[in-house]
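All remarks here apply to the structure that follows.
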Ligand code: ATP
Ligand code: MG
């Protein structure tokens, strides 16, 4: 086979495990042989639509097997797959379509976009007819590991999403890195609960499971109830989620009675994982590991084994196997144990750069192709990384640096706190002070006095929030992360 990239995977898997189930979506199961047949036909149609090596094919819609089919079909032709965040507004979608230069768009009905893309296919009957009429002859074009596979837009937590180019090699090396840490097996039943346009759902869950010949249970969209239902019905063994998802499960009235007996391992990442949350899961006997990573690193950079999560609570673990991770001062020398610095990452999973954005690419790398994460961490005496916060979320109160993630982790220990986000807001005396936004546990109340008294036993005085807002919900990205930039822009201006 000439195709060394992901485009070769359906054929290779169909040869190895044709009858095993690749995907479950609602009531429909798709075998590996069917995935190969369907993606081959789809690739035939994309080729007829003019897609050649290096061309971009976009996908807009909730999680669906068609997402994966469109991706593999694009990769069969050496094309570049561009999944879009379906929660964006039409002008934002148009911006990403224009920025990526997509010539084909496969989309779920109901999503608004205005830009004229050459070929547009709607999911449903149109998509199925299109696919049925496709040429079933396998396509094999030369694709190398250094060829671009995807443009994945970052979550947009700190500003406008950036399009990280990921090569086939980047994606595959991340799968290897993950498989060294998590024993994804051929009989794995992986719940794909996070949105697939986000790197974690795609490359920590679906692709490693596909590589091993396991089954991915694809959730169309995230909901606590559907998650509990699917885990029990499908006997889910492994699931990745961002912190907010695990927090939502744990505060659900169904938590106590939920059947989680099939689950072998859970993995959290994408944002700080408070130790109190990890304990909630461990108290139920669940294996809970943590990963730290970014879209730009496809995504895994460090990993904390489940067995370490008690001894090393609060740590994001050690560098993944094939990747170098350092914590450095502004002059790029390594920090001492316990000293905060910026996380920089180098390795075969690191993006070659941002799509069509040489300036942002130049800013993100230093000598030796070290990628600058924008995250602050410290390394402890055992070499374990502790992610402190994002550089952009830190604020300064009375001349002292405050890392909101530290304040949040302490606040999570309060029984009335179900979810919390802290930001710095302007203050005439101190420069900035903390403002906490809290979703309370059902039936509990909280005042700023109580919160401050509770935190005062755990944190220095200058870190205590001065304002408290009890809220029903928080602004979130499409990948379910709390968007502090939006909190700052809107609510934060008190
Ligand atoms: P944008 O770059 O558009 O602002 P984003 O950084 O949230 O959005 P992602 O690539 O999805 O986009 O997320 C990577 C970021 O998530 C990391 O830079 C880090 O801040 C955070 N993160 C990921 N895993 C962890 C973790 N285990 N602990 C703390 N933070 C984490
Ligand atoms: Mg980022």
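All of the numbers you see were taken from the coordinates with simple rules; none came from a lab. Treat the numbers as computed from the prediction; the structure is a model and nothing was measured. Cβ sites come from the backbone with ideal geometry, for glycine too, and all protein chains shown count toward neighbours.
Protection proxy ranking, highest mean first, for peptides 279-288, 369-378, 170-179: 170-179, 369-378, 279-288, where packing is the per-residue count of other beta-carbon atoms within 10 Å, averaged. Spin-label model, residue 490 to residue 26: label points 7 Å out along the Cα-to-beta-carbon direction sit 3.1 nm apart.
Taking label positions 7 Å along the Cα-Cβ direction at both residue 254 and residue 447, the computed distance is 3.7 nm, reported to one decimal. In the chain, the DSSP-assigned H stretches of four residues or longer account for a calculated mean residue ellipticity at 222 nm of -7500 deg cm²/dmol, using -39500 (n - 2.57) per stretch and the full residue count as denominator. Label zone (residue 135, point 7 Å along Cα-to-C-beta; backbone nitrogen cut-off 12 Å) within segment 18-61: 41-51.
With respect to the chain, whose longest principal axis is taken over its alpha-carbon atoms, helix 65-76 is tilted by about 60°. Taking only Cα atoms, what is the 0 to 90° angle, nearest 10, from helix 90-100's long axis to the longest principal axis of the chain? For 90-100 against the chain, the angle is about 60 degrees.
Take every Cα pair under 8 Å whose residues are at least 6 apart in sequence, average their separation, divide by the length of segment 394-493, and the relative contact order is 27 percent.
For segment 394-493, the Stokes-Einstein estimate of translational diffusion at 37 °C and a viscosity of 0.692 mPa s comes to 242 µm²/s, using the Kirkwood hydrodynamic radius over alpha-carbon pairs.
If you find the alpha carbon centre of segment 147-178 and of segment 108-137, how far apart are they in angstrom? Each part's Cα centre sits 25 Å from the other's. Restricting the calculation to Cα atoms, segment 246-292 shows an Rg/Rh of 0.94 when the hydrodynamic-style radius is the Kirkwood one.
Counting neighbouring beta carbons within 10 Å and listing from fewest to most, the residues 484, 212 come out as 212, 484. Distance from the alpha carbon centroid of segment 415-462 to that of segment 361-390 works out to 28 angstrom. Hydrodynamic analysis of segment 6-144 uses the Kirkwood radius over alpha carbon pairs. Inserted into Stokes-Einstein at 4 °C and 1.567 mPa s, it gives a translational diffusion coefficient of 86 µm²/s.
Assuming R0 = 25 Å, can you tell me the calculated FRET efficiency for the pair residue 52 and residue 15, based on Cβ-Cβ distance, to the nearest 0.05? About 0.45, to the nearest 0.05. Annotation: extensible slack from residue 457 through residue 145 equals 107.1 nm (criterion: 0.36 nm per residue apart, minus Cα-Cα distance). Computed from label points 7 Å out along Cα-Cβ, the spacing between residue 400 and residue 225 is 4.6 nm. Across segment 180-390, Cα-Cα distances exceeding 29 Å account for 26% of all pairs. Across the chain, C-alpha contacts under 8 Å between residues 6 or more apart give a mean separation that, scaled by the residue count, equals a relative contact order of 12 percent. Entry note, segment 6-144: relative contact order of 27 percent, from Cα contacts under 8 Å with a spacing of 6+ residues. Per residue, the convex hull spanned by the Cα atoms of the chain measures out at 144 cubic angstrom.
Remark: the residue 112-residue 283 segment gains 57.1 nm on full extension, using 0.36 nm per residue and subtracting the alpha carbon distance.
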